[in-house]
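Notes to accompany the following structure.
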Amino acid sequence: MSDIYYEFEGVDTFTTGAVGRPGARTFFLQARQDRTRVAVKCEKQQVAAIAQHLRRVLNDLPPPEDRPVPAALELVEPVEQAFVLGAIGLGYDRSSDRLVVQLEEMVLVDDDGDELPGHDGRVRLYVTRGQAAAFCEHADRIVSAGRPDCRWCSLPIDPDGHVCPRMN
């Protein structure tokens, strides 16, 4: 497996989305610049954590002056994953007034705990404050669009029903 490395200094779009029905959705982060596009498979909790952290950084900065139109935040299909997300790095670059998002491939280990070779995927993006704010709002909608929570036990209700542990 070869190294996968993308760096988008002026990303056109940074978004998230899910493919599949609630309860069986696969989440992706997707970045596009010109004709280059990359998607990274991730977990719903990772999407929520990225949005939460970006919001904290944005709270310390002036409000964004522009935001992408909502239609620009839809996943472009077909979604072909470059890798599965592992470590996430987030920061702010004052010189360019952009938030930095670094997505790294999940590191796989063998039974002895030794790292398996060939897992060096990395995507680094520089997003505007407006793109980051739009990502956060869109991520909230995507994360909450899943299965509704049971009002008694707070566990997700599957489309086929729900056995509530509090309603024996």
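In contact with a Lys or Arg (Cβ under 9 Å, 6 or more places away or on another chain), in contact (Cβ under 8 Å) with a residue 60 or more places away in the chain, among the hydroxyl-bearing types (Ser, Thr, Tyr) and surrounded by 17 or more Cβ atoms within 10 Å (Cβ to Cβ) - does that describe any residue in the range 16-28? Checked against the condition, which is being in contact with a Lys or Arg (Cβ under 9 Å, 6 or more places away or on another chain), in contact (Cβ under 8 Å) with a residue 60 or more places away in the chain, among the hydroxyl-bearing types (Ser, Thr, Tyr) and surrounded by 17 or more Cβ atoms within 10 Å (Cβ to Cβ), the range 16-28 yields no hits at all. Taking the criterion of being more than 20 Å from MET106 (Cα to Cα) and among the hydrophobic types (A, V, I, L, M, F, W, C), the residues of the range 43-58 that qualify are LEU54, VAL57, LEU58. If you go through the range 49-82 and keep only what is more than 16 Å from VAL11 (Cβ to Cβ), out of contact with any Phe, Trp or Tyr (no Cβ under 9 Å at 6 or more places or on another chain) and modelled with pLDDT under 95, you end up with PRO62, PRO63, GLU65, PRO70, ALA71, GLU77, PRO78, GLU80.
Just one of the listed residues (GLU43, GLU74, GLU65, GLU104) is of a type in the set (Asp, Glu) and touching a Lys or Arg at 6+ places or on another chain (Cβ under 7 Å), and it is GLU104.
Within the range 126-168, restricting attention to residues that are part of a helix (DSSP H, G or I) and without any contact (Cβ under 8 Å) to a residue 40 or more places away in the chain, which residue is nearest to ASP60 (Cα to Cα)? Step through it out loud before you land on a result.
Restricting attention to the range 126-168, the residues satisfying the condition of being part of a helix (DSSP H, G or I) are 129-144.
Restricting the remaining residues to those that are without any contact (Cβ under 8 Å) to a residue 40 or more places away in the chain gives 137, 141, 144.
Details: GLU137: 17, ARG141: 23, SER144: 26 Å.
Step by step, filter the range 126-168, then rank; the result is GLU137.
The values are calculated or read from the model by the stated rules, or taken from the named source; none is laboratory data. These figures come from a predicted structure and were not determined experimentally. Heads up, the Cβs are rebuilt from the backbone with ideal geometry, glycines too, and the neighbour counts pull from every protein chain shown.
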